[in-house]
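Working notes, structure below.
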Amino acid sequence: MAGCVLLAVHLLVLGWLALRPLTAPWVTAAHLEPLATIRADLALGPWEAARSIGAGVLPFAPLGVLLPWAGGRVAASVPVSLARTVFTAAMLSLALQVVQSGVVGQVLDVDGLLLNVSGVALAHLSVVPAVRARIRRRAEAGPTRPLRREEAEPFLTPTIPRVGMTPWSDALPGSRP
């Protein structure tokens, strides 16, 4: 349930950030040549390239963790989970890129799609397999619960003195004074 709620919140924030109109004196045409924008960013220098590429990778990266978490599968294999997550993120990114191209100041960029999907794949591979393995190990170990006193010390005799509730509780059963 928490995974679905966090996924919905993240998608709402992502949509709001991506679909805001930008004020620009001019707008370039759609970038449909793969890696052209990334090459242009790399030509600007390392810091500008890191900022621009990071701005493409980071917004979608949480989906690499949130999508499998919302699915709730613990025993899924890594390649199947990765393929399912990357495909879903690619479709979400493509839909967002297409809708975004209709917003003032935004253009369709194939490299944006590639960077978004790369962020999802990196986040998924770095977090999800380790977390699932840890959850499976905990499930195999069994439930952990606090031990009661009787379970912690099975061979010791209790040393609690017996105190009767009424004067006749220590007498024989059925007899009353």
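Taken together, the values in this text are just the output of simple stated rules run on the coordinates, not laboratory data. All of these numbers come straight from a predicted model, not from anything done at the bench. All Cβ positions, even for glycine, are placed from backbone atoms using ideal geometry, and neighbour counts span all protein chains on display.
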Please give the peptides 50-63, 113-126 ranked by average Cβ packing (other Cβ atoms within 10 Å per residue), highest first, as a rough proxy for protection. 113-126, 50-63
Nearest-0.05 FRET efficiency for residue 23 and residue 122 at R0 = 30 Å, using Cβ-Cβ distance, is 0.40
Fully extended contour minus Cα-Cα distance, from residue 88 to residue 137, at 0.36 nm per residue: 14.8 nm
Diffing the range 45-60: the Karplus 3J(HN,Hα) column from phi (6.51, -1.76, 1.60, θ = phi - 60°), in whole Hz with x for Gly and Pro, holds x, x, 6, 5, 5, 4, 5, 5, 5, x, 5, x, 7, 5, x, 8
Quick one: what are the phi-derived ³J(HN,Hα) couplings along the range 6-18, Karplus 6.51/-1.76/1.60 with θ = phi - 60°, whole Hz, x for glycine and proline? 5, 5, 5, 5, 4, 5, 5, 5, 4, x, 5, 5, 7
Roughly speaking, what is the centre-to-centre gap between the range 1-80 and the range 94-111 when only Cα atoms are used, to the nearest Å? 12
In nm, to one decimal, how far is the residue 8 label point from the residue 80 one, both placed 7 Å along Cα→Cβ? 2.8
